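In what follows, a single structure is set out as C-alpha cells and then discussed.
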Amino acid sequence: MLDKDIVLLPQPRRVTLTEGSHALAGERFIWIAGGDPAARLRTGRLLRDILAAAGAAWTLTAARGGDETRLGAVLHVDPQQAIWPQGYRLTITPGQIRIVAHDDAGAFYVEHH
C-alpha cells in the first residue's frame, strides 16, 4: 500500500518504497533512448517540463554522452524490462530517475502521474 502522502494516478500495479530520497540537482540531463524518436521527444519534453516546475531545469539529449555524473534521468523503451503492454517501471534513487517502458504508450503514461 502507498503512503497516504503519495498520489499516483492511475495507481500502479505494485510499489516498492526504499530508503533515501532524490534531490533535483541543477545542470543535469535527461537521456531519451529507444522506441519511436518522435514519441520519445514528446514524452521527454513533458518530463523536462514537469521537472522544471519542480525547480530542475534539465536538458534533453538523445546521446548518452561521456559525463555520467550529469545523467539525471533516463527515459528508455525496452519491452524486455517492462513486460506488459503500455506498462513501465519507474525507479527513483538518490542519484537518478529511471523510466523504462514496454512501449511508447507506457512511457507516455508514466508522465501523467
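Figures for the structure shown
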{"quantity": "Full-stretch length increase - Ala25, Leu41 - with 0.36 nm per residue and alpha-carbon distance subtracted", "calculated": "3.6 nm"}
{"quantity": "Segment Ala52-Thr18, length gained on full extension (0.36 nm per residue, minus Cα span)", "calculated": "9.8 nm"}
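Read-outs: derived from the displayed coordinates by stated rules, not from any lab. Here the structure is a predicted model, which is why all the values come from computation and not from measurement.
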